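Q: Here you go, one structure.
The values are calculated or read from the model by the stated rules, or taken from the named source; none is laboratory data. For clarity, every value in this text was computed on a predicted model and none was experimentally measured. Note that each Cβ is placed from the backbone with ideal geometry, even for glycine, and that neighbours are counted across all protein chains shown. Heads up: the accessible areas ignore ligands, DNA and RNA and are worked out on the full protein's heavy atoms, side chains in. Shrake-Rupley method; radii C 1.70, N 1.55, O 1.52, S 1.80 Å.
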Amino acid sequence: MNQKARTRAAIVQAVNELARSGAEITMPSVAKAALVSEATAYRYFPDLVTLLLEADQGTWPDPAEALAPVADSGDPVERIGFAARLLLDGVLAGESAVRAMIAGSITRPEIAARRPGHRFGLIDAALAPAADRLDPVALAQLRRDLAVVVSADALFTLTDLCELSRPDAVDSAVHTARALTKAAFRTAEHQIVR
């Protein structure tokens, strides 16, 4: 491995170590942890979001693999509950990196679209076995509703603004995701009966 590759790898490794420790993640803190200058870190990564995106690669399992414990279930409510808890627990495990990603992208919509879309893959995989029970418009609406709830943004609203403990915040978001899913499928069943 050449020096450039080693330096790049050291910077990415520093982000992951800071995230695991829960430390605040900034370009200066990453550079310090990687034992490089801040200018060097910026030569490899033009902004913190780009660095966080690279550090995120390969850290989350494939959605089907992640949902293996509920693979035999056709119940969309159970599957969404599992997916929501999995995602939100993962957000908490890497909270400082997730907060840095949100902070780095919130004021720049062109960067916000580059944020990892883990929630969408998990939502789609969780709904897949029962998706044909909803018409396309209802399925699209449910996906949007769940994207709001099964998210770091919602979790941080519950912890920071509602002052819930982290476990209670996860439970609340999972409850809401399950309720939305149950309501969507109940509505679809009632429409078929009529």
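Q: Would you be able to tell me the number of residues in the stretch 133-160 that are open to solvent by 80 Å² or more (accessible area, probe 1.4 Å) and either touching a residue at least 60 places away in the same chain (Cβ under 8 Å) or under 16 Å from Ile102 (Cα atoms) (or both)?
A: Total meeting the criteria: 1.
Q: Among the helices (runs of 4 or more DSSP H) lying completely within the stretch 35-117, list those that include at least 1 residues that are out of contact with any helix residue (DSSP H, G or I) (no Cβ under 7 Å at 6 or more places or on another chain), of a type in the set (Gly, Ala, Ser) and under 24 Å from Ala23 (Cβ atoms).
A: Counting at least 1 such residues, we get 38-44, 76-93, 95-105.
Residues are listed down the side, and each one gets a yes or a no for (1) surrounded by 14 or more Cβ atoms within 10 Å (Cβ to Cβ); (2) in contact (Cβ under 8 Å) with a residue 12 or more places away in the chain; (3) of a type in the set (Phe, Trp, Tyr):
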| site | (1), (2), (3) |
| --- | --- |
| Asn2 | no, no, no |
| Ala9 | no, no, no |
| Gln13 | yes, yes, no |
| Ala19 | yes, yes, no |
| Gly22 | no, yes, no |
| Ala31 | yes, yes, no |
| Val36 | yes, yes, no |
| Tyr42 | yes, yes, yes |
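Q: Now, a different point. Please find, within the stretch 109-132, the residue that is modelled with the lowest pLDDT out of those that are open to solvent by 50 Å² or more (accessible area, probe 1.4 Å) and of a type in the set (Gly, Ala, Ser).
A: The extreme case among them is Ala113.
Q: How many of the residues in the stretch 1-28 are under 21 Å from the mean Cα position of the chain (by Cα) and assigned to a helix (DSSP H, G or I)?
A: Counting residues in the stretch 1-28 that are under 21 Å from the mean Cα position of the chain (by Cα) and assigned to a helix (DSSP H, G or I) gives 10.
Q: List pairs: first residue in the stretch 78-99 and closer than 22 Å to Pro129 by Cβ, second residue hydroxyl-bearing (Ser, Thr, Tyr) and open to solvent by less than 10 Å² (accessible area, probe 1.4 Å) anywhere in the structure, Cβ distance under 9 angstrom, at least six positions apart or on different chains.
A: Close Cβ pairs (under 9 Å, with a partner that is hydroxyl-bearing (Ser, Thr, Tyr) and open to solvent by less than 10 Å² (accessible area, probe 1.4 Å)) amount to Arg79/Thr181; Ile80/Thr181; Gly81/Thr181; Leu87/Ser151; Leu88/Ser151.
Q: Answer with yes or no whether Ala128 is out of contact with any Ser or Thr (no Cβ under 9 Å at 6 or more places or on another chain), aliphatic (A, V, I, L, M), part of a helix (DSSP H, G or I) and farther than 20 Å from Ala68 by Cβ.
A: No; evaluated as a whole, the condition is false for this residue.
Q: Give the residue that is surrounded by the most Cβ atoms within 10 Å (Cβ to Cβ), with candidates limited to residues of the stretch 161-187 that are of a type outside the set (D, E, K, R) and not in a helix (DSSP H, G or I).
A: Among residues in the stretch 161-187 that are of a type outside the set (D, E, K, R) and not in a helix (DSSP H, G or I), the one surrounded by the most Cβ atoms within 10 Å (Cβ to Cβ) is Leu164.
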